[in-house]
Amino acid sequence: MRSVKATAFSSSANLGAGYDVLSMSHLAFSDTVYAELINEKERRVMMESNSNVPLDPARNSAGAPVEALLKEFQLNYTIKLNVIKGVPHGLGLGSSGASAVAAVAAVNELLNLHLTLEDIVKFAVIGEQAVSGSPHPDNVAASAFGGIVAVTSHDPIRVVRIPINLNFRLMLVIPRVNTGEGKTKKARELVPKQIEVSKMVENTRFLSSFILGLVKGDRALVREGLNDAVVERSREPMYPHYPKLKEIALRYDAIGACVSGAGPTVLILYDDSTKLGEIKQEGGKVCAQHGFQCDFITTEIGEGVRVEGLN
Ligand SMILES: Nc1ncnc2c1ncn2[C@@H]1O[C@H](COP(=O)(O)OP(=O)(O)OP(=O)(O)O)[C@@H](O)[C@H]1O
Ligand SMILES: N[C@@H](CCO)C(=O)O
């Protein structure tokens with residue numbers, strides 16, 4: 001039987017004021033999905049995994065988009081997906097998104113559907129809808145395209161990679177906690193439905209500064225822009241360690257810090273001026289004060305989804 005392997009990397013969405021719009025792929029973790037054509041008789045998705053994610057395709061971020069693909073292309077095929085999880089889930093690292101992108105990319109290759117990367121994002125978003133109740137496109141856009149991306153249109157999906165002219169590396173501060181089922185769904189319920197114009201203006205300034213700082217290679221602008229006056233604040237009860245951790249990162253001259261997606265992971269941008277050792281030491285104490293340990297993982301900006309035909 002023909003089978004295809006696809007690998008998609010972890011991601012950090014929002015990046016300060018870019019809620020549901022900005023996201024960054026990183027090489028820290030990845031999911032791999034093997035897709036195999038079992039028969040051409042019955043429209044069905046069979047699931048296997050090395051992890052405790054749901055094996056009901058409708059409740060799995062990899063299975064749901066593949067079911068939608070088979071329906072969209074009116075294919076009565078049985079497809080087996082083996083989801084090899086490498087991205088820890090429920091921690092704000094785009095785990096559900098990575099599976100979704102890898103699954104859609106693998107089936108695209110397996111069935112020669114000729115999907116563009118934006119088509120892959122369009123279908124992978126169905127996986128996010130299945131697990132968080134919202135079709136947020138940011139994580140899947142970063143896992144599909146790589147780099148730092150802006151989703152400039154939702155319908156139709158349009159994704160733009162942001163040119164990066166600033167040298168920096170990444171550190172993920174990952175709490176060793178179990179956030180339970182549907183963490184992102186709960187986090188999205190905390191986001192206010194309406195905000196004051198002053199908050200919109202403040203976030204527009206942040207977003208402009210962050211993006212312009214990346215493009216111009218202006219460290220101070222990136223530092224000024226990596227902030228958020230709305231979503232991060234509304235969700236603080238889900239990551240009480242964050243404000244102090246951010247203050248420590250900035251004190252020791254990190255370029256900036258933000259919540260990774262819906263958290264609780266914190267993303268820190270740093271360079272040679274940053275006193276990383278002090279951040280790890282004092283940041284570790286902050287995590288302990290909140291009752292958990294944190295892993296401090298350094299990594300780099302990631303690539304887009306990789307596909308490999310196996311036979
Ligand atoms: N293939 C999958 N990979 C990861 N989680 C999955 C998958 N399929 C279903 N899930 C469920 O989705 C939830 C994890 O997704 P969730 O959106 O909450 O966090 P995340 O994707 O890890 O991080 P982020 O905050 O970046 O979205 C868990 O409840 C998990 O059981
Ligand atoms: N933009 C999404 C990303 C989830 O990783 C959210 O913050 O809910």
Residue with peak Gaussian network fluctuation, the chain [Cα springs, cutoff 10 Å], from Ser198, Ser11, Ser143 = Ser198
Using Cα pairs under 8 angstrom and six or more residues apart, how large is the relative contact order of the chain, in percent?
-> 25
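Can you give the longest run of the chain that contains no GluC sites (Glu not before Pro) sitting in a DSSP loop with at most 13 other Cβ atoms inside 10 Å?
Between exposed loop sites, the widest span is 43-180.
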Between Asn165 and Gln74, how many nm apart are label points set 7 Å from Cα along the C-beta direction?
-> 5.0
Which residue, Ala257, Ala229, Ala17, tops the fluctuation ranking in a GNM of the chain built on C-alpha contacts under 10 Å?
-> Ala229
Zone of Arg205's modelled label, taken as backbone nitrogen in the stretch 228-266 under 18 Å from a point 7 Å along Cα→Cβ | 228-233, 257
Divide by every residue of the chain the summed helix terms, -39500 (n - 2.57) for each DSSP H run of at least 4, and state the resulting mean residue ellipticity at 222 nm, rounded to the nearest 500 deg cm²/dmol.
-> -11000 deg cm²/dmol
Range of Cα positions in the stretch 11-153 per principal axis (Å), largest first = 48, 31, 25
Calculate the length of the line joining the C-alpha centroid of the stretch 204-222 to that of the stretch 131-196, in whole Å.
-> 18
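If we sort 146-157, 287-298 on the protection proxy, mean other Cβ atoms within 10 Å, highest first, what's the order?
Details: 146-157: 17.7, 287-298: 15.0.
Packing proxy ranking, top to bottom: 146-157, 287-298.
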In straight Cα distance, which aspartates and glutamates are under 14 Å from Lys186, not counting same-chain residues fewer than 8 positions off?
-> Glu128, Glu232, Glu236
The pairs in Lys122/Lys246; Lys183/Lys246; Lys41/Lys185 lying past 28 Å Cα-Cα in this model are Lys122/Lys246; Lys41/Lys185
Considering the chain as a Gaussian network with a 10 Å cut-off on Cα pairs, which listed residue, Ala102, Ala220, Ala62, attains the greatest mean-square fluctuation?
-> Ala220
Scan the chain and report its longest stretch carrying no trypsin sites (Lys or Arg not before Pro) that are both in a DSSP loop and have at most 12 other Cβ atoms within 10 Å.
-> 42-175
Just grab the label-to-label distance for Leu190 and Arg44, each label 7 Å out from Cα along the Cβ direction, in nm (one decimal).
-> 4.2
In terms of modelled amide H atoms, which long-range or inter-chain residues lie less than 5 Å from the amide H of Glu303?
-> Gly147
Taking a straight Cα-to-Cα line shorter than 18 Å from Lys5, and setting aside same-chain lysines fewer than 8 residues away, one finds Lys80, Lys85
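Rule-based calculations on the coordinates, nothing more; no lab input. The structure displayed is predicted, hence computed values, not measured ones. All Cβ positions, glycine included, derive from the backbone under ideal geometry; neighbour counts span all protein chains shown.
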